[in-house]
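To start, the structure under review is shown below, and the notes come after it.
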Amino acid sequence: MSFPEPGAQIHSTDPFATPGQARSPVRQLRGRLASTVTLWTAPGPAGLTVSSTVVAGGEPGRLLGIVDDESDLWAAASAAERFAVAPLAAAHRQLADRFAGILPAPGGLFRGDDWTETPYGPVPAGVGTWVGCRLDGAREFGWGLLVEATIEAVEVGPDDSPLIHFRGRYRELR
């Protein structure tokens, strides 16, 4: 009799994920709202993948986002009172996973990629669109922290197809 080798099977899904029918209705709704994947960075450096980012027009422009209050990004951004936000493209899937804590980061999150230094935090080299923000405040919001900021610098680059998070997976606009 032959037994499969332990750990030899690679799952196509996360075997530890909460089954769909057991997820809260709010979580199911959130999963159905497509969101652009962004990378938030702050001097330190520190960074975090965030898919709950909203930009409001006005003079000045404003930015809102929900981040983990226990993240290194939040500690660095609140200490520096500034941070950068860059929308990611399809080519940045591994970068997004690394800063989300899904992929390992031997040597640190910022190792192995080229970065452009800004007063607001490092921005991945080759990412043409990013904003520099001044932190205005934050408050508890659901299980995260609602961060409010004023946009102080804007760089608009090529119109790359954004990396989208929808139903627990990355997607691309085509």
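The values are calculated or read from the model by the stated rules, or taken from the named source; none is laboratory data. If you're wondering where the values come from, they're calculated on a predicted model, not measured in any experiment. So basically every Cβ, Gly included, is an ideal-geometry build from the backbone, and we count neighbours across all protein chains shown.
Applying the criterion of being free of Cβ contacts under 8 Å to residues at least 60 places away in the same chain and within 11 Å of the chain's Cα centre (by Cα) to the residues of region 88-120, the residue that is surrounded by the fewest Cβ atoms within 10 Å (Cβ to Cβ) is Gly101. Of the listed requirements (1) at pLDDT 95 or above; (2) assigned to a helix (DSSP H, G or I), Arg93 misses just one: (1). Within region 74-89, one or more residues are more than 16 Å from Val54 (Cα to Cα) and at pLDDT below 95. Can you find, within region 47-75, the residue that is nearest to Leu163 (Cα to Cα) among those that are of a type in the set (Gly, Ala, Ser) and in contact (Cβ under 8 Å) with a residue 40 or more places away in the chain? Within region 47-75, the match that is nearest to Leu163 (Cα to Cα) is Ser51. Considering region 145-166, and only residues there that are part of a strand (DSSP E or B) and β-branched (Val, Ile, Thr), the residue that is surrounded by the fewest Cβ atoms within 10 Å (Cβ to Cβ) turns out to be Val154. Within region 50-87, track down each residue that is within 13 Å of the chain's Cα centre (by Cα), part of a loop (DSSP other than H, G, I, E, B) and either hydrophobic (A, V, I, L, M, F, W, C) or loosely packed, with under 15 Cβ neighbours inside 10 Å (or both). Passing the criteria: only Asp68.
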